[in-house]
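Encoded as structure tokens, the structure appears first; notes follow it.
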Amino acid sequence: MGKELILKQMLEIGVDKLESYLADITLRKVCICFVCVYIIMAIIRKWQKKDGIHQMSNKYMIVCTFYFTCIAVITILGRTDGTVTNSWDKVFLTYESIIEGKRWVWWEVIFNIILFLPAGMLVANQFKVDVAFKSVFFISFLIEVIQLLTGVGLFEICDLIDNTLGGLVGIILYQLGERLLRIFSSYRKDERKI
């Protein structure tokens, strides 16, 4: 009975958090964010073309723009403006809460990891592993700095670690998938020769 009650409380907290994230989002904010992210993607695409790097397709740009807009909505736009007071004693708040025995905080850690898993995959599609890892870290750091400066969330090193870990897992999964695809395609070629 105790585990069921804890699970029910965790789900209620999750639903409440989701409702609070979505409460202050307007279509105008999302559209502006989408356009800004698309412009950034277009600048990266021009930079790739100039340096002779594999250039991203239009479909890839749209997928990335949509995904990173969703990230911005979840982490920045969906929160109430300027209500959080940041202080440097809160940078490890999530991990401190876990140590104190607050089990529901694990959901936040898992959510942050899962949230950035696609980021790792998307960035690994265009860049080498080291650049992809640095890019995921930079994106996460940028979100934390924006939260710090605007007061829409806490600047937490825990989030930075969790997001970067999620991106790293995404990069690894992408690399594994790419290798499996190569193995499978070479196996199919060998099978056709016989």
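Looking only at the stretch 6-34, how many residues end up being surrounded by fewer than 11 Cβ atoms within 10 Å (Cβ to Cβ), over 30 Å from residue 104 (Cβ atoms) and either at pLDDT 75 or above or among the hydrophobic types (A, V, I, L, M, F, W, C) (or both)?
The qualifying residues number 1.
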Problem - Selection from the stretch 96-149 of residues that are loosely packed, with under 14 Cβ neighbours inside 10 Å and touching a residue at least 40 places away in the same chain (Cβ under 8 Å) - result: 103, 114
Fill in the blank from the handout: Filtering the stretch 150-176 down to residues that are open to solvent by 10 Å² or more (accessible area, probe 1.4 Å), over 18 Å from residue 128 (Cα atoms) and of a type in the set (S, T, N, Q) yields 150
Problem - Test: residue 67 is surrounded by fewer than 20 Cβ atoms within 10 Å (Cβ to Cβ) and closer than 17 Å to residue 38 by Cα - result: yes
Exercise for the section: Taking residue 76 as the residue in question, decide whether it is touching a helix residue (DSSP H, G or I) at 6+ places or on another chain (Cβ under 6 Å) and at pLDDT 85 or above. Expected result: no
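The values are calculated or read from the model by the stated rules, or taken from the named source; none is laboratory data. Computed from a predicted model, the values in this text were never measured in an experiment. Note that we place each Cβ from the backbone using ideal geometry, even for glycine, and neighbour counts take in every protein chain shown. These accessible areas exclude ligands, DNA and RNA; they are computed on the full protein's heavy atoms, side chains included. Shrake-Rupley method; radii C 1.70, N 1.55, O 1.52, S 1.80 Å.
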